[in-house]
């Protein structure tokens, strides 16, 4: 499930880069969440109509998760729009890193030696990658920095979403949680929808917009199941690998000089920095202390829930 989410997320920024050339940010994000919500509604209407009770009185944690995911989508999409898909994916790994750190803070754990090495690698990799991007900028520096700030914002708020969802799926099924999250996120972006854009989309735009809707449903459905079955740090470790998919696809597509794609200017030093950063984040999340039974009981007591 975690691998499925990681692969699908690796394709998202590339598809977004095209859609942003024919559609506004608010319309794209609203369509993604609304499509996912309606599909879940159709499934539950046939499979288990009683599941809709969670919509009547949604828990505050579900509303928080929905708002956090909406904010994550906006920050990440703005980052792709202002910079590039690969840049957005590499810097976006701050999210899994913060998720692991938040888990350590909650359970009062200390960094082990391998995690300390990982943090140093992450910092060094970030410096090399960032400097490489700054030196080879093909856009205005101010635009690039604003894009990076949006990426950092989106990544940081993703950690809030993941932690909220991790607790939420202890009270209900993963897809019930997503039913609330998608509904809240769709409502957040409804005021920004430009409905006239739907009538102006080319066939490729419609195809990719539908792909993005399906991507949201499948990727976050897989993530919810993964968070229920294994520890959050194990999920984050798999998610860390999705920038590799993005950079490989970008390297292939850039050779075809597609106008909507823009041009990425990553040198060997930049790829080295990106690799070091991903390796560092991987070390931090891979060697985070597994949540044991006592910690599990502590979290259950804190949330008033139990494992199904």
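Filtering 233, 300 for residues that are in a helix (DSSP H, G or I), closer than 21 Å to residue 155 by Cβ and at pLDDT below 70 leaves a single hit, 233.
Among the conditions (1) modelled with pLDDT under 85; (2) crowded, with 19+ Cβ neighbours inside 10 Å; (3) within 20 Å of residue 81 (Cβ to Cβ), residue 142 misses just one, which is (2). Within the range 3-29, residues that are over 22 Å from residue 192 (Cα atoms) have Cβ atoms under 7 Å from residues that are part of a loop (DSSP other than H, G, I, E, B) in these pairs: 6/241, counting only partners at least 6 apart in sequence or on another chain. Within the range 120-178, being under 20 Å from residue 2 (Cβ atoms), without any contact (Cβ under 8 Å) to a residue 60 or more places away in the chain and not in a helix (DSSP H, G or I) holds for one residue alone: 169.
For the structure I just gave you, tell me whether residue 168 is more than 10 Å from residue 65 (Cα to Cα) and in contact with a helix residue (DSSP H, G or I) (Cβ under 9 Å, 6 or more places away or on another chain).
Working: more than 10 Å from residue 65 (Cα to Cα): no; in contact with a helix residue (DSSP H, G or I) (Cβ under 9 Å, 6 or more places away or on another chain): yes.
No, not satisfied.
From the list 263, 238, 291, pick out the single residue that is in a helix (DSSP H, G or I) and either at pLDDT below 80 or within 26 Å of residue 32 (Cα to Cα) (or both). Before the answer, list the steps.
Numbers: 263 fails: in a helix (DSSP H, G or I); 291 fails: in a helix (DSSP H, G or I).
Result: 238 is the single residue among 263, 238, 291 that is in a helix (DSSP H, G or I) and either at pLDDT below 80 or within 26 Å of residue 32 (Cα to Cα) (or both).
Each residue in the range 185-207 was checked for being surrounded by fewer than 21 Cβ atoms within 10 Å (Cβ to Cβ) and under 24 Å from residue 2 (Cα atoms), and 0 pass.
The values are calculated or read from the model by the stated rules, or taken from the named source; none is laboratory data. This structure is a prediction, so every number in the text was calculated from the model and none was measured. Neighbour counts are summed over all protein chains in view; Cβ atoms, including those assigned to glycine, are modelled from backbone coordinates with ideal geometry.
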